[in-house]
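Everything below concerns the one structure shown next.
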Amino acid sequence: MTENNYHILELWEEMEQSPQKGLYKKLFKSDKPFHIYVTYQHPDRFYGIAFVISDTLRIDISAFENLKDLRVSLFQDTAFNHSNLLSIQLVTPFNKDIFAALCDNVIQSVIDITTEKKRVRTIINQMEKWKSMFEKINSDGLSTAEQQGLYGELHFLQKILTKSKLQPSDVLHTWVGVDKALRDFQGTSWAVEVKTTATSNPQEVKISSERQLDESLFESLYLYHCSVEVSKANGQTLCDKIEVIRQILSSDVPALTAFNAKLFEAGYADAQANLYKDRFYQIRFEKLYKIDKAFPRIKESELRDGVGNVTYSIVLAMCDDYLVPENQVITDIQGL
């Protein structure tokens, strides 16, 4: 849990003790020219955050109506002239620590933006992502492909946590796949894309864009291929893998909280664990490839004008010349 996450939780705990009824708000930071509040609604026990915005800005929040767990509202802010309050509240009692981490994410994404219009647009974009996350949690859970992909990412995450010398919080910061980034793990000078297969042809992987294996922006770009056997009885479930990592992080509360928040962003909820209990994974083999030179892939700079959104497959049996040892990748990752 970051210092700001703690700050949000501390403010909520203070407000819980107040006899004041209705919407109670406290300033999150006082050194900014705009106002962000941490909010608590008594006696409903709704936790939230709110942003003061000019009433001249027209904001459409209709897309966020009828969410089961969140309430997004826009109303006049009586504390300031010509201002509205954009409020985001948690209205069901799931883990508020995770919600605090999500709130901190949206606050940190706007705290240094100087124009109000761009700031509001960023908040709405974040809320669109939250909406997708909460709808996924409220539906039938992760698809089988999403479960398999998450298992592979978690397996690689476990490697970094146990084999590198990095602090767990720093490792979790590099796990960006849950944010729908182009690659699954990324540091300052390196990135790793994870591909998990369980098909009859496990040597073929699908690449989702012309930028995914473009190493132009990195000193080192790697492809991690994890081939798994899927069954209904033998191996490790997705929930088992999650518990293993939670045990690794058990003595580091901030890192554990960050991990749980990222799982939620990925669409995983403990309340739906029964959906994943009958799908077991066994690692068949793992390989790491360095993407450079003539590695068979499509790069953005190689496309003709007017061509984009390229998807393609790579036959990894043809890529053995680019295999690298795991310790080389761990060494690069430790350099962040």
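Spot the failing condition for Gly141; the list is (1) part of a helix (DSSP H, G or I); (2) in contact with a helix residue (DSSP H, G or I) (Cβ under 6 Å, 6 or more places away or on another chain), and only one is missed.
(1)
Applying the selection to region 298-315, what residues are under 20 Å from Thr199 (Cβ atoms) and under 28 Å from the mean Cα position of the chain (by Cα)?
Thr311, Tyr312, Ser313, Ile314
Looking at region 261-279 only, could you name the residues that are more than 10 Å from the chain's Cα centre (by Cα), touching a residue at least 40 places away in the same chain (Cβ under 8 Å) and either closer than 20 Å to Ala101 by Cβ or surrounded by 17 or more Cβ atoms within 10 Å (Cβ to Cβ) (or both)?
Tyr268, Ala269, Ala271, Gln272, Tyr276, Arg279
Residues that are over 14 Å from Gln148 (Cα atoms) and in a helix (DSSP H, G or I): does region 217-237 have at least one?
Within region 217-237 (the criterion being over 14 Å from Gln148 (Cα atoms) and in a helix (DSSP H, G or I)), the answer is yes, since at least one residue qualifies.
Looking at region 111-123, which of its residues are without any contact (Cβ under 8 Å) to a residue 60 or more places away in the chain and assigned to a helix (DSSP H, G or I)?
Correct list: Lys118, Arg121, Thr122.
Is there any pair linking a residue in region 298-313 that is in the same structural domain as His225 (by TED's automatic domain parsing) and farther than 11 Å from Asp214 by Cβ to one that is at pLDDT below 80 and of a type in the set (D, E, K, R), with Cβ under 7 Å and at least six apart or on different chains, and which?
Short answer, once both residue conditions are applied: none.
So which of Gln247, Gln282 ends up being more than 17 Å from the chain's Cα centre (by Cα) and part of a strand (DSSP E or B)?
Exactly one of Gln247, Gln282 is more than 17 Å from the chain's Cα centre (by Cα) and part of a strand (DSSP E or B), namely Gln282.
Within region 50-77, how many residues turn out to be under 24 Å from the mean Cα position of the chain (by Cα) and closer than 21 Å to Ile137 by Cα?
Number satisfying all stated conditions: 11.
Just need a number here: residues in region 52-85 that are part of a strand (DSSP E or B) and either within 30 Å of Gln272 (Cβ to Cβ) or basic (Lys, Arg) (or both).
Qualifying residue count, region 52-85: 4.
So which of Leu172, Leu166, Leu217 is farther than 17 Å from Lys287 by Cα, surrounded by fewer than 22 Cβ atoms within 10 Å (Cβ to Cβ) and modelled with pLDDT of 90 or more?
Checking each option against the conditions leaves just Leu166.
The values are calculated or read from the model by the stated rules, or taken from the named source; none is laboratory data. The shown structure was predicted, so the numbers you read here are calculated from the model rather than taken from an experiment. Because the Cβ atoms are built from the backbone with ideal geometry, glycine has one as well, and the counts that use them run over all protein chains shown.
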